[in-house]
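The values are calculated or read from the model by the stated rules, or taken from the named source; none is laboratory data. Treat the numbers as computed from the prediction; the structure is a model and nothing was measured. When we count neighbours, we look across all protein chains shown, and the Cβ atoms used for this are built from the backbone with ideal geometry, even at glycine. When the accessible area is computed, the model is the full protein with side chains, heavy atoms only, and any ligands, DNA or RNA have been set aside. Shrake-Rupley method; radii C 1.70, N 1.55, O 1.52, S 1.80 Å.
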Amino acid sequence: MNPIKNAFISICLLLSACAHFQSSSINLPRNASILAFGDNLTYGTTLSDPNAYPNILSELTLLPVTNGGKTKELTRDAIARLIELLDQQHPDFVILAHGGSDMQNNIEPEETMANLEKMIIEIKNRNIKLLLLGLPSQPQSGFSASFYQEVATRQNVPVELDLVPDLMKDPSLTADTLRLNETGNEKLAESLKNLIFISEE
């Protein structure tokens with residue numbers, strides 16, 4: 001392998017270790033609003049599903065959390081929808097959990113990564129705080145979901161790589177291969193709440 005390419009990969013791996021901000025907190029004011037944006041995991045069983053994690057997170061934080069999920073949506077189709085929601089709602093914090101449908105539909109990882117980066121750039125350009133959630137790879141996709149780490153490293157944004165995959169490994173917490181059940185969503189919302197620090201000022 002080319003020595004320059006070897007060095008580049010080593011640097012990427014080093015930066016990747018720094019991009020996994022599992023224990024860092026997101027500081028939000030008491031009047032903050034949150035947009036949970038994603039595909040199947042975020043959407044739940046219906047957009048008004050009271051057991052979807054955005055609704056549970058709202059109850060736990062006492063902050064408005066918009067469920068910006070859309071079932072079976074590909075990342076290529078999500079960019080325009082995200083821009084519209086950002087411009088309509090002006091959230092203070094976005095939880096981005098997208099790409100599960102891409103993996104299920106065997107979309108090339110490079111395309112998914114590029115689309116996620118476009119979403120992140122739109123969020124960052126508006127000075128909105130962001131947390132990227134890594135989703136588990138789908139067995140039929142034939143590739144790893146480690147690209148979430150690479151996207152986070154490239155864009156220098158906080159990422160949670162293990163939270164959702166660890167929950168999805170437990171059959172007692174899943175509704176199907178792409179969604180959590182009520183108990184799983186409760187655990188996800190609780191973990192996210194623990195990453196949010198709300199200022200009382």
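The set of residues in region 112-134 being open to solvent by 60 Å² or more (accessible area, probe 1.4 Å) and either in contact with a Ser or Thr (Cβ under 6 Å, 6 or more places away or on another chain) or part of a helix (DSSP H, G or I) (or both) consists of 118, 121, 124, 125.
All of 174, 183, 112 fail the test of being closer than 19 Å to residue 41 by Cα, touching a residue at least 24 places away in the same chain (Cβ under 8 Å) and of a type in the set (S, T, N, Q), apart from 112.
No other residue among 79, 121 is within 15 Å of the chain's Cα centre (by Cα), of a type in the set (A, V, I, L, M, F, W, C) and farther than 25 Å from residue 25 by Cα apart from 79.
Sort out which residues of region 84-110 are part of a helix (DSSP H, G or I), open to solvent by 50 Å² or more (accessible area, probe 1.4 Å) and more than 18 Å from residue 148 (Cβ to Cβ), and write them in order of number.
In the first step, residues of region 84-110 are kept if they are part of a helix (DSSP H, G or I); the result is 84-89, 100-104, 109-110.
Still in the running and open to solvent by 50 Å² or more (accessible area, probe 1.4 Å): 84, 87-89, 104, 110.
Selection gives 84, 87, 88, 89.
Note on region 29-52: among residues that are in a strand (DSSP E or B) and surrounded by 22 or more Cβ atoms within 10 Å (Cβ to Cβ), the one that is farthest from the chain's Cα centre (by Cα) is 34.
Looking only at region 137-151, decide whether some residue is of a type outside the set (Ser, Thr, Tyr) and at positive phi. Among the residues of region 137-151, at least one is of a type outside the set (Ser, Thr, Tyr) and at positive phi, which makes the answer yes.
Might you let me know whether region 63-81 holds any residue that is acidic (Asp, Glu), part of a helix (DSSP H, G or I) and either touching a Lys or Arg at 6+ places or on another chain (Cβ under 9 Å) or in contact (Cβ under 8 Å) with a residue 40 or more places away in the chain (or both)? Checked region 63-81: at least one residue is acidic (Asp, Glu), part of a helix (DSSP H, G or I) and either touching a Lys or Arg at 6+ places or on another chain (Cβ under 9 Å) or in contact (Cβ under 8 Å) with a residue 40 or more places away in the chain (or both). Counting the residues of region 136-157 that are modelled with pLDDT of 95 or more, in a loop (DSSP other than H, G, I, E, B) and not polar (S, T, N, Q) gives 1. Among the residues making up region 172-201, those that are of a type in the set (A, V, I, L, M) and open to solvent by less than 40 Å² (accessible area, probe 1.4 Å) are 173, 178, 180, 188, 189, 192, 195, 196, 198.
Checking the structure you have, find out if any residue of region 146-169 is within 24 Å of residue 89 (Cα to Cα), touching a helix residue (DSSP H, G or I) at 6+ places or on another chain (Cβ under 6 Å), free of Cβ contacts under 8 Å to residues at least 40 places away in the same chain and open to solvent by 30 Å² or more (accessible area, probe 1.4 Å). Within region 146-169, none of the residues are within 24 Å of residue 89 (Cα to Cα), touching a helix residue (DSSP H, G or I) at 6+ places or on another chain (Cβ under 6 Å), free of Cβ contacts under 8 Å to residues at least 40 places away in the same chain and open to solvent by 30 Å² or more (accessible area, probe 1.4 Å).
What are the residues in region 186-201 that are without any contact (Cβ under 8 Å) to a residue 40 or more places away in the chain and in a loop (DSSP other than H, G, I, E, B), if any? Steps first, answer last, please.
Just the residues of region 186-201 that are without any contact (Cβ under 8 Å) to a residue 40 or more places away in the chain, to begin with: 187, 191, 194.
Matches in region 186-201: 194 only.
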